[in-house]
Amino acid sequence: MKRIKEYIKRNIAGEIVLVPAGQTAEDFNGMITLTESGEFIWDHIEEARDFNHLVELILEEYEVDRPTAAQDASAFLMQLLQAGMVKPTGLNW
């Protein structure tokens, strides 16, 4: 999965947010607040080879079972995809 570089992660008043920049700011007016796990996914999404590898990274970081990690990651990735904040890079994404 590839992050769209026009979304910049910032810490604003203790909240981690994704802020659009450049042309993207004209199309998307607002910010996305990330949870701790959402920030983890955003930070590691490009290093993960595929969805299963991303779930493995989550399992290494958090005490959560595989079905919960996969379900939560899938839901968050769908939100990112629908918002145009990431793009798939292969068949397993």
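The values are calculated or read from the model by the stated rules, or taken from the named source; none is laboratory data. Values in this document were obtained by computation on a predicted structure and should not be read as measured data. Neighbour counts are summed over all protein chains in view; Cβ atoms, including those assigned to glycine, are modelled from backbone coordinates with ideal geometry. Only protein heavy atoms, including side chains, enter the accessible area calculation; ligands, DNA and RNA are left aside. Shrake-Rupley method; radii C 1.70, N 1.55, O 1.52, S 1.80 Å.
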From (1) surrounded by fewer than 17 Cβ atoms within 10 Å (Cβ to Cβ); (2) in contact with a helix residue (DSSP H, G or I) (Cβ under 9 Å, 6 or more places away or on another chain), pick out the condition that doesn't hold for PRO67.
(2)
Taking the residues in segment 32-41 that are open to solvent by 70 Å² or more (accessible area, probe 1.4 Å) and not charged (D, E, K, R) as candidates, determine which candidate is farthest from GLU15 (Cα to Cα).
THR35
Checking LEU91 against (1) touching a residue at least 24 places away in the same chain (Cβ under 8 Å); (2) loosely packed, with under 13 Cβ neighbours inside 10 Å, which single condition isn't satisfied?
(1)
Can you list the helices (runs of 4 or more DSSP H) lying wholly within the chain that have 1 or more residues being basic (Lys, Arg) and more than 11 Å from the chain's Cα centre (by Cα)?
66-82
Collect the residues in segment 45-93 that are in contact with a Ser or Thr (Cβ under 9 Å, 6 or more places away or on another chain) and hydroxyl-bearing (Ser, Thr, Tyr), keeping them in residue-number order.
TYR62
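Table: residues versus (1) in contact (Cβ under 8 Å) with a residue 60 or more places away in the chain; (2) exposed (fewer than 11 other Cβ atoms within 10 Å of the Cβ); (3) touching a His at 6+ places or on another chain (Cβ under 6 Å).
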{"residue": "MET1", "(1), (2), (3)": "yes, no, no"}
{"residue": "GLU6", "(1), (2), (3)": "no, no, no"}
{"residue": "LEU18", "(1), (2), (3)": "yes, no, no"}
{"residue": "ASN29", "(1), (2), (3)": "no, yes, no"}
{"residue": "ASP43", "(1), (2), (3)": "no, no, no"}
{"residue": "LEU54", "(1), (2), (3)": "no, no, no"}
{"residue": "GLU61", "(1), (2), (3)": "no, no, no"}
{"residue": "LEU77", "(1), (2), (3)": "yes, no, no"}
{"residue": "MET85", "(1), (2), (3)": "yes, no, no"}
